[in-house]
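> Input: one structure, supplied below.
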Amino acid sequence: MSLAPKLNHHPYKSNFYSQMLKTFLPSLILLLLLSSTLISAAQNSGALSYQDSTWTKPTEPFRVAGDIYYVGSYDLACYLIVSAEGHALINTGLEESVSMIRKNVESLGFKFTDIKFLLTTQAHFDHVAGMAEIKKITGATMMANEADAKVLADGGKSDFAFGGKSGLFTPVTADRLLHDGDILKLGDTKLKVLHHPGHTKGATSFLVDTKDDKRSWKVLIANMPTMLSMTRISGMPSYPNIGKDFKYTLASMKKLDFDLWVASHASQFDLHDKRKPGDSYRPEAFNDRPSYDATINSLQLEYDKRLKSGQ
Ligand SMILES: [Zn+2]
């Protein structure tokens with residue numbers, strides 16, 4: 001399948017249609033429905049207020065460890081977990097980055113349409129805005145923590161911090177709800193679902209057991225419990241237990257055991273210091289417990305400060 005230029009809006013429209021025509025019921029009504037969905041998707045992305053240039057800037061995709069690959073933008077991390085039975089994609093970045101993610105997946109030698117499962121670390125638009133479109137292209141099963149399912153399904157309207165009258169991203173419905181401790185198996189790779197609420201109600205980290213031809217790796221794909229400026233630890237109208245959730249998440253993240261760690265944002269684990277474009281496969285680059293502990297400790301200090309000041 002040919003590739004469209006980077007950062008182009010809906011570059012797959014024609015490919016997508018021809019694929020739909022070949023694969024599914026070629027009814028005119030279906031096409032009309034899809035057209036209106038794609039138009040509303042384009043309108044939705046115009047409604048996003050905050051954007052960072054590193055969110056859409058490309059970066060070289062690479063193999064992190066074993067069957068885990070980085071396929072995201074410069075700062076918005078997306079992880080592809082590959083297997084002979086199909087792949088899983090964790091996070092999508094922004095809606096306009098779908099073509100870039102696809103290009104990244106294909107340049108690593110994998111088929112985008114072999115993505116069978118979609119997952120996310122948190123239901124904020126910078127990690128899920130491309131989810132609806134990728135779900136449409138791949139027909140993959142979307143799985144999300146039960147506490148984030150509603151906000152995904154209403155496109156961010158019910159978000160406790162950013163919510164309001166209009167959606168922030170194209171709504172996407174989870175086909176399966178995940179809970180803390182769930183195990184997902186994909187070929188030789190095992191993902192343990194860790195519910196780390198606070199940043200969003202259903203924020204999730206994944207502890208992934210994977211291996212290469214030398215050894216096995218326990219890789220933490222962490223959703224760091226960062227506190228938004230509008231977050232009130234003392235409780236928020238649509239999230240009264242937010243303080244308790246952050247406390248739980250900070251305590252459980254301190255106890256985690258892993259070999260390597262990465263996170264939802266490249267900046268959170270200093271990706272671009274640890275790996276330069278063209279570097280060969282080196283999982284050890286992400287063996288960095290001290291920076292993980294330092295980050296969690298600074299978040300704990302922030303939490304304590306806000307708690308003390310009644311925020
Ligand atoms: Zn977020």
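The values are calculated or read from the model by the stated rules, or taken from the named source; none is laboratory data. Not measured: the values here are computed from a predicted model. Because the Cβ atoms are built from the backbone with ideal geometry, glycine has one as well, and the counts that use them run over all protein chains shown.
> Please verify whether Ser83 is at pLDDT 95 or above, within 16 Å of the ligand (Cβ to nearest atom) and either under 15 Å from the mean Cα position of the chain (by Cα) or within 23 Å of Lys211 (Cβ to Cβ) (or both), treating the condition exactly as stated.
Considered against the rule, which asks whether it is at pLDDT 95 or above, within 16 Å of the ligand (Cβ to nearest atom) and either under 15 Å from the mean Cα position of the chain (by Cα) or within 23 Å of Lys211 (Cβ to Cβ) (or both), Ser83 comes out as no.
> Something else: Could you tell me whether Ala263 is surrounded by 15 or more Cβ atoms within 10 Å (Cβ to Cβ) and free of Cβ contacts under 8 Å to residues at least 40 places away in the same chain?
no
> Contact list please: Cβ distance under 9 Å, first residue in the range 107-130 and within 28 Å of Pro225 (Cα to Cα), second residue near the ligand (Cβ under 10 Å from one of its atoms) and aromatic (Phe, Trp, Tyr), pairs at least six apart or on different chains.
Note: pairs meeting the criteria are His124/Phe162; Phe125/Phe162.
> Another question, then. Please find, among Asp75, Asp114, Asp67, the residue that is within 16 Å of the ligand (Cβ to nearest atom), at negative phi and among the charged types (D, E, K, R).
Result of the check over Asp75, Asp114, Asp67: Asp75.
> Moving on. Across the range 235-286, what is the number of residues that are in a loop (DSSP other than H, G, I, E, B) and in contact with an Asp or Glu (Cβ under 6 Å, 6 or more places away or on another chain)?
Filtering the range 235-286 down to residues in a loop (DSSP other than H, G, I, E, B) leaves 235, 237-238, 240-241, 255-259, 264, 270, 275-282.
The next check asks that each one be in contact with an Asp or Glu (Cβ under 6 Å, 6 or more places away or on another chain); those that pass are 277.
Final tally of qualifying residues: 1.
> Looking at (1) more than 25 Å from Ser267 (Cβ to Cβ); (2) touching a helix residue (DSSP H, G or I) at 6+ places or on another chain (Cβ under 7 Å), which one does Thr231 not meet, given that it meets all the others?
(1)
> Let me ask you something else. Hey, among Asp279, Asp245, which residue is within 16 Å of the ligand (Cβ to nearest atom), of a type in the set (D, E, K, R) and either in contact with a helix residue (DSSP H, G or I) (Cβ under 7 Å, 6 or more places away or on another chain) or in contact (Cβ under 8 Å) with a residue 40 or more places away in the chain (or both)?
Unique residue meeting the criteria: Asp245.
> Being part of a loop (DSSP other than H, G, I, E, B) and away from the ligand (no atom under 15 Å from the Cβ): is that true of Thr200 here?
Values: part of a loop (DSSP other than H, G, I, E, B): yes; away from the ligand (no atom under 15 Å from the Cβ): no.
Here the answer is no, as Thr200 does not meet what is asked.
> I need the full set of residues from the range 215-228 which are more than 15 Å from Asp304 (Cα to Cα) and within 16 Å of the ligand (Cβ to nearest atom), in order please. Reasoning before the result, please.
Pass one, the range 215-228, residues more than 15 Å from Asp304 (Cα to Cα): 215-224.
Correct list: Ile221, Ala222, Asn223, Met224.
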